[in-house]
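Here is the structure we will look at.
Nothing in this text is a laboratory measurement; each read-out follows from the coordinates by a stated rule. Computed from a predicted model, the values in this text were never measured in an experiment. So basically every Cβ, Gly included, is an ideal-geometry build from the backbone, and we count neighbours across all protein chains shown.
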Amino acid sequence: MLLHAFPLSSAMWLAQREGLARVCRVITPDLRGFGGSRLGEDEPSVDLMADDVARLLDEEGIDRAVVGGLSMGGYVTMAFCRRHPDRVLGVILADTKAGADPPAARDNRERIAQAVVSGGSEVLVTEVLPALIGRTTRERRAMVFGRVKGLVQSAPPGAVAWAQRAMAARPDSFETLSGLKVPLLIIVGEEDELSPPSDAEAMAQAVPEGKVEIIPKAGHLSAVEQPEAFNTAVIRFLKAELGGAAT
């Protein structure tokens, strides 16, 4: 189960759906309000998104799964581990962080939420998009940059605002990580400026056997920017820790 980044959709996982299919079943849902999913009227919360994931597992008839997420998807993954620990076979956290937002970051999320609702996606293109992509991708991978830009521009304003407020309200998750009873893989792009390798190392230190894989020449969207390296890290983790027997 792979959970996408903000403000994208499950479309970001195309290379993972194809590349990981030979070793496991891959499910890539649209988180609440993004892609083809309904936003609803609930108050913003990463816990609600985690419960949505649990319901999807129920619908698919799956008791336990390896659950992973990138960026916002990582926040939801940690909430899932907190709320549904008995359903987790293993955890993959990519380009994300366990700490809660400091006040300045929460204020900035609210500013962007209001700007998107009132003025559309322009603020996402000018302020959010540049930080999603690493330096190498910006300079050498125009097609990847264009694909990410298209996904950002198609994000529904209501979902963007809801997700920003959900992420702003999320709790610190270091205690959740320290209580994990399943294998953990942490992946981070070498050029990630939003959730840099130092955040990945901090998460790994909270877990006795946490493993960190640094993806060269990738920024915050390591799975999109360097999909082959990302997939290789995931497959190695599944085979080593779970014998490839992931759902």
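Listed values, structure above:
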quantity: Values of log10 I(q)/I(0), in the order q = 0.13, 0.21 Å⁻¹, for segment 88-151 under a Debye, Cα-only, solvent-free model; calculated: -0.53, -1.01
quantity: For Gly33, distant residues with modelled amide H under 5 Å away; calculated: Arg38, Leu39
quantity: Check: segment 123-247 dipole with +1 on Lys, Arg Cβ and -1 on Asp, Glu Cβ, in debye; calculated: 460
quantity: At 0.692 mPa s and 37 °C, Stokes D of the chain from Kirkwood alpha-carbon radius, µm² per second; calculated: 185
quantity: Karplus-derived 3J(HN,Hα), 6.51/-1.76/1.60, for each residue of segment 130-140, Hz, glycine and proline x; calculated: x, 7, 6, 10, x, 4, 4, 5, 4, 8, 10
quantity: Over segment 131-170: Kirkwood hydrodynamic radius from C-alpha pairwise inverse distances, Å; calculated: 11.6
quantity: Rh (Kirkwood; distinct C-alpha pairs) - segment 1-118, Å; calculated: 15.0
quantity: Inter-part distance where segment 12-75 and segment 146-220 are each reduced to a Cα centre, Å; calculated: 15
quantity: Residues with amide H under 5 Å from that of Glu193, placed H, sequence gap 5 or more; calculated: His220
quantity: Dipole of the chain, positive end: most advanced residue of Leu39, Val234, Val116 [Cβ charges, Cα centre]; calculated: Val234
quantity: Segment 138-247: proportion of alpha-carbon pairs further apart than 24 angstrom, %; calculated: 39
quantity: DSSP beta bridges in the chain [antiparallel fraction, %, rounded to 5]; calculated: 0
quantity: Rule-of-thumb Rg ratio for segment 58-176 [Cα; 2.2 N^0.38 Å; N residues]; calculated: 1.20
quantity: Rounded to the nearest 20 debye, dipole of the chain from Cβ charges on Lys, Arg, Asp, Glu; calculated: 540
quantity: Where Cα atoms sit under 23 Å apart: lysine pairs in the chain separated by 8 or more or lying on different chains; calculated: 7
quantity: Sequence-distant residues sharing a close amide H with Glu213 (under 5 Å, placed H); calculated: Ile186, Ile187, Val188
quantity: Leading residue at positive end of dipole, segment 130-223 (Cβ point charges), from Gln153, Thr137, Leu180; calculated: Gln153
